[in-house]
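Heads up: the structure comes next, in structure tokens.
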Amino acid sequence: MSLISIRMPEDLEQVLRPVLERDPDKGTEWLRAGFEARLVELYQEWQALRISTARFAELLGVSPWELADLLRDRGLKTTNLPG
């Protein structure tokens, strides 16, 4: 498992710290939910041809091949070509 550090405002940290101390897996759940939301947002941009495949992958922090796997696993189109 990797450790990720994210800077956040102090007032937000005060709210989140007690929750994460009670349930450390909650952070993983929140991170996954944030990733999925970002994936959907970028997928829409990509399907509208506003961003390239390379840029889509870069913004998600994955390779283009990993992106194709992520889309396939979710039953989404793996191309933004018409048809």
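The values are calculated or read from the model by the stated rules, or taken from the named source; none is laboratory data. All of these numbers come straight from a predicted model, not from anything done at the bench. Virtual Cβ from ideal backbone geometry, glycine too; neighbours counted across all protein chains shown. SASA here: full protein model, heavy atoms, side chains in, ligands and nucleic acids out. Shrake-Rupley method; radii C 1.70, N 1.55, O 1.52, S 1.80 Å.
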field: GNM flexibility winner over the chain from V62, V15, V40 (Cα, springs under 10 Å)
entry: V15
- prompt: Ignoring ligands, DNA and RNA, what percent of the accessible area of the stretch 5-82 is carbon or sulfur (1.4 Å)?
  reply: 55
task: Determine the per residue accessible area of the chain with all protein chains present and a 1.4 angstrom probe, expressed in square angstrom.
output: 80
field: L16 paired with E45, simple spin-label distance in nm, labels 7 Å along Cα-to-beta-carbon
entry: 2.1
message: Please check: in the Gaussian network model of the chain (C-alpha springs, under 10 Å), which one of D73, D25, D11 has the largest mean-square fluctuation.
response: D11
task: Give me the Debye-computed log₁₀ of I(q)/I(0) at q = 0.14, 0.17, 0.19, 0.23 Å⁻¹ for the chain, equal point scatterers on Cα only, no solvent, two decimals.
output: -0.61, -0.78, -0.88, -1.09
